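No lab work stands behind these numbers, since they all come straight from the coordinates. All values reported here derive from a predicted model rather than from experimental measurement. Glycine also receives a Cβ, built like all others from the backbone with ideal geometry; neighbour counts cover every protein chain displayed.
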Amino acid sequence: MVDYALIAGVDEAGRGPLAGPVVAAAVVLDPRFPIEGLRDSKQLSATGRERLASLIRERAHAWSVGRAEATDVDRINILQATLLAMQRAVEGLPECPDHVLVDGQHCPQLACSVEAVVGGDRRVPSISAASILAKVMRDAEMVDLDDRYPQYGFRRHKGYPTREHRLALIEHGPCPLHRRSFAPVRAVIESDGSP
C-alpha cells in the first residue's frame, strides 16, 4: 500500500439546485490538530456546519474552494461542471497533494493521483471537512444573492427546487443565476419565451 504524505479530501455542494454555482472544497487535514465531529454536511445543523467550518479553516493544514457557475453548468453539463469545480479547488491549494480522495463515483483530472470514494463524505474525515466547507460557503453566497434577487427566496431554499422556488420561477421567470439547461427552468423559458 502506498503511503502518501499529503492527502486532500474533496467534495461539492450544489449539484441539485436550479440556480447558483456548484462549489467544491479541497481539505488537507493536520493530524496535529484533530477536529471532532466531522461528518457529512447533510447530517449536521446549519449551526453545527458553521462551527465546524470555522475549525476547519483554523486547523486544517490547507484548504481551498473552487466553483463552477450556472453558465458553466449550461455549457458543459452538471457532472462536468462539478468536476471542474473540484479541479479548481485542488489547484487552489498552496501545494499539490500527493493523493486526492473524492466523494462519489467520478474523479476530476488532476496533476496527482486521485481516487473516488463512494460515501466518502461519511467515511473519510478530510472529505467530510470538504463537504462542510463547500456547503457553508455555497449557502452563505446564496443568502447574499437573496438581497439581489429577493423574489426567488434563495435565502430559504438556497436554489434547490422547492415548491416555493418553482412557483417564483414561474411567476418571475429565470434570473442570471438560473441553470437554463435544467428541465424546470427550461420549461419556464419555453412556455413564456424568456431569454
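At-a-glance table
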quantity	calculated
Rounded tilt (10° steps) of 163-172 against the dominant C-alpha axis of the chain	50
Debye, to nearest 20: dipole size of the chain, +1 on Lys, Arg Cβ, -1 on Asp, Glu Cβ	460
Proxy reagent accessibility, fewest Cβ within 10 Å first, across Arg32, Arg186, Arg148	Arg32, Arg148, Arg186
Burial ordering of Phe182, Phe154, Phe33, fewest other beta-carbon atoms within 10 Å first	Phe33, Phe182, Phe154
Nonlocal amide H pairs with Ala62, under 5 Å, H built at 1.01 Å	Val28
Theoretical gain in end-to-end length, Arg122 to Tyr160 [0.36 nm per residue, Cα-Cα removed]	11.5 nm
Length-normalised contact order for region 102-179 - Cα pairs under 8 Å, 6+ apart - percent	16
Spin-label pair Arg51/Ile189, simplified geometry with 7 Å Cα→Cβ offset, distance in nm	4.3
³J(HN,Hα) computed for each position of region 148-157 - Karplus, 6.51 cos²θ - 1.76 cosθ + 1.60, integer Hz, glycine/proline x	7, 10, x, 5, 9, x, 4, 4, 8, 10
Sorted by Cβ density within 10 Å, fewest first, the residues His61, His99	His99, His61
Net length gained if the chain between Arg32 and Arg59 were fully extended (0.36 nm per residue, minus Cα distance)	8.8 nm
Filtered GluC sites (Glu not before Pro), region 6-87: DSSP coil and at most 10 other beta carbons within 10 Å	Glu36
Value at 222 nm in deg cm²/dmol, rounded to 500, when DSSP H runs of n ≥ 4 in the chain each add -39,500 (n - 2.57)	-13500 deg cm²/dmol
Sites Thr71 and Gln151 - FRET efficiency at Förster radius 22 Å, r taken between beta-carbons, to 0.05	0.60
DSSP beta bridges in region 7-147 [antiparallel fraction, %, rounded to 5]	55
Nearest-0.05 FRET efficiency for Gln105 and Ser181, computed from C-beta distance (R0 22 Å)	0.55
